1. What base-10 log of the normalised intensity I(q)/I(0) is obtained for chain C from the Debye formula, alpha carbons as equal point scatterers, at q = 0.06, 0.07, 0.09, 0.13 Å⁻¹?
2. Excluding ligands, DNA and RNA, what is the accessible area buried between chains C and B, summed over both sides, using a 1.4 Å probe, to the nearest 100 Å²?
3. For a label point 7 Å from the Cα of A:Ile12 along Cα→C-beta, name the residues of region A:26-45 whose backbone N is under 17 Å from it.
4. Through the Karplus equation 6.51 cos²θ - 1.76 cosθ + 1.60, θ set to phi - 60°, convert the phi angles of region C:215-224 into ³J(HN,Hα) values in whole Hz; use x for Gly and Pro.
5. What aspartates and glutamates sit close enough to C:Lys205 to cross-link, taking a C-alpha to C-alpha distance under 16 Å and skipping anything fewer than 8 places away on the same chain?
6. Might you tell me the accessible area per residue for region B:2-118, computed with a 1.4 Å probe and given in Å²?
7. Which chymotrypsin sites (Phe, Trp or Tyr not before Pro) does region A:28-66 hold that lie in a coil by DSSP with at most 16 other beta carbons within 10 Å?
8. R0 = 41 Å: FRET efficiency of C:His121 with A:Asn115, Cβ-based, nearest 0.05?
Amino acid sequence: MRIQYPENIKIIGVPCTGKVDVLHLLRAFEKGADGVYVVGCLEGDCRFNSGNLRARKRVEQAQHILESIGVGGERVQMYNLSSGEGPRFAEIAVEMTEKIRKMGPNPIKISKEKNGCMI
Amino acid sequence: MIVAKQKPIEEIIEGVRDYEKILIAGCNECVTVCEAGGKKEVGILASALRMYFMNQGKNMKIDEVTLERQCDHEYLEELRKIIDRYDVVISLACGAGVQFMAEKYFRTRVLPGVDTCFMGVTEERGVWSERCQGCGKCILGETAGICPISRCAKRILNGPCGGSTKGKCEIDKELDCAWQLIIDRLNELGRLDDYEKIIPIKDWSTERAGGPRRVVREDLRL
Amino acid sequence: MNTNTPSKLEKILAAGHLAVTSECGPPRGSDGEFVTKKAKMIKDHVDAINVTDNQTSVTRLCSLAACIHLKLMGVEPVLQMVTRDRNRIALQSDILGAASFDIYNILCLSGDHQIFGDNPHGQNVFDLDSINLVQTVRFMRDEAKFLGGEDIQRPPKMFVGAAANPFADPFEIRVRRLAKKIAAGAEFIQTQCVYNVEKFESWMKMARDRGLHEKTYILAGVTPLKSAGMARYMKNRVPGMDVPDGIVKRMSGVPKEKQPEEGIKICVETIQRLREVEGVRGFHIMAIEWEEKVPEIVERSGLYPRPEVV
């Protein structure tokens with residue numbers, strides 16, 4: 001199955017989405033990511049019982065923080081799908097890319113460039 | 001442990017807005033366990049503040065440190081060499097830690113990054129609840145191991161009041177009535193007759209009412 | 001029984017009469033006439049009038065001042081005092097203040113939590129609880145001493161009461177709690193409003209089994225229901241209130257305009273049934289913002305005229 005998905009997406013593999021912490025999500029934005037989404041297994045299908053549920057809560061927490069600091073909570077999202085859903089993976093990638101394009105670039109990146117800071 | 005919760009980030013931002021060099025100081029004890037002010041929370045706050053101020057076009061130096069404890073001289077001393085590099089410290093320790101830091105580093109502004117709530121326990125992951133108010137004269141031996149001072153909304157020593165309904169407190173249906181718990185436990189222990197012993201008028205002088213308290217152990221002093 | 005105080009309420013009870021008390025809530029303002037007007041409506045039909053102390057934690061004219069208004073018009077007040085708002089200095093001081101006006105009755109309560117009132121952000125005191133307050137008044141009266149140990153010049157002569165709720169949870173300690181209040185020194189008890197007569201009777205039986213009815217005067221509380229809505233509200237919303245379904249049904253079974261009369265009827269029937277229960281020594285009629293109906297209830301219950309005592 002060779003399915004195309006937008007090439008602007010950088011995939012970071014983790015053993016389980018339960019490993020993803022709020023701090024990882026925030027750091028991605030600090031380093032200039034325009035959007036981040038976490039793709040976990042279907043709810044109820046976690047090999048470690050609640051890894052993907054924890055991930056969702058952490059994504060929500062990151063959303064809350066990003067919203068409060070003016071970056072935009074919508075830039076981080078959680079999706080769930082099974083390993084057999086390749087086409088759905090590509091769909092989500094397109095959906096997320098479009099969503100973030102609409103929101104425009106990460107304001108921090110713009111601000112950094114304007115102020116001549118290094119990313 | 002001492003249970004605290006994080007202050008809203010907006011409040012922290014307001015407090016440090018006019019500074020340029022900020023140190024965020026966590027504590028490895030209670031606030032780490034209740035996930036309000038440990039190393040991880042320091043990292044999250046630092047990242048959020050960096051992004052906020054970058055977005056505002058403001059170049060801030062925001063550093064992170066987490067001490068073993070902020071309520072002991074020896075660990076707080078670790079900051080002595082670096083503290084002058086900062087305009088302000090946001091301490092994520094409990095109120096005791098924040099104050100001890102402020103006492104020690106007299107010329108540095110220290111701001112609290114958490115709201116210190118109570119002495120309590122981890123009921124389950126993400127849920128903490130109060131167990132002790134440090135009244136200075138423990139009566140748990142008389143109340144079946146359940147403290148009416150910290151767990152009854154009216155700190156009634158001879159309860160329950162008329163507001164106890166189906167084991168819950170009238171002020172909050174989620175809250176157990178401390179006196180129901182005491183009675184249930186007395187029952188379990190086969191000591192319900194103890195319920196009829198009147199707990200006398202309490203001496204509150206060992207509590208907050210008596211003024212700030214100290215414990216001195218002469219045998220331990222050098 | 002001998003009397004310990006000049007209280008008219010105590011004398012009536014000691015003489016073996018069924019006592020009748022009622023209550024009036026002070027206004028949310030400084031109009032003293034509000035209290036005296038209510039008192040005038042009922043004074044000839046009751047032996048004493050309780051004045052509530054910032055009930056439901058809503059700030060009102062103080063109980064002590066309202067009691068003084070009653071006293072000055074020749075009515076016997078029962079000073080309700082809660083431990084929520086005052087520490088032991090203020091409580092003892094107010095007891096002396098009341099005693100200086102020869103207020104002879106006090107009802108010791110802890111008070112509703114302030115979260116229900118108009119100052120939910122305020123501090124609560126609870127230096128003492130209601131049982132400790134009973135102990136305090138008895139100590140001041142019987143030992144003529146302050147809690148601090150010093151002598152009181154002209155100690156308060158107060159007939160000391162406490163509240164009891166036969167219906168509250170947990171039921172297993174309801175009688176034990178009554179025993180505890182009596183042991184602390186409660187000479188009379190005013191109960192929560194009785195709608196569930198059977199449950200009240202079983203509570204009284206348990207109290208009698210321990211001889212508690214001979215150690216204190218128990219006044220059963222009654223409150224006439226104005227409407228089916230009130231019955232439902234009392235049933236579902238008021239903590240520690242037991243309104244059986246039968247009562248709610250009976251109220252909602254009559255047309256709206258006849259509901260007040262039905263409520264009075266239930267109240268009168270309750271009194272008539274309870275006056276036959278051994279150990280019930282009187283009634284505390286709490287007609288909430290419906291004081292004008294108290295005389296009718298007293299008369300229809302056969303409790304009028306009120307006895308004279310010297």
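1. -0.18, -0.25, -0.42, -0.93
2. Counting both chains, the buried surface is close to 2600 Å².
3. What the label zone holds, given the 17 Å backbone N cut-off, is A:26-40.
4. 9, 8, 9, 9, 9, 7, x, 9, 9, x
5. Straight-line reach from C:Lys205, under 16 Å: C:Glu172, C:Glu214, C:Glu276, C:Glu278.
6. Here the residues of region B:2-118 average 46 Å² of exposed surface.
7. On the way: sites: A:Phe29, A:Tyr37, A:Phe48; in loops: A:Phe48.
Taking region A:28-66 and a limit of 16 other Cβ atoms within 10 Å, the loop chymotrypsin sites (Phe, Trp or Tyr not before Pro) found are A:Phe48.
8. 0.40
The values are calculated or read from the model by the stated rules, or taken from the named source; none is laboratory data. Small disclaimer: the values here were computed from a predicted structure and weren't measured. Please note: Cβ atoms are built from the backbone with ideal geometry, for glycine as well, and neighbour counts cover all protein chains shown. When the accessible area is computed, the model is the full protein with side chains, heavy atoms only, and any ligands, DNA or RNA have been set aside. Shrake-Rupley method; radii C 1.70, N 1.55, O 1.52, S 1.80 Å.
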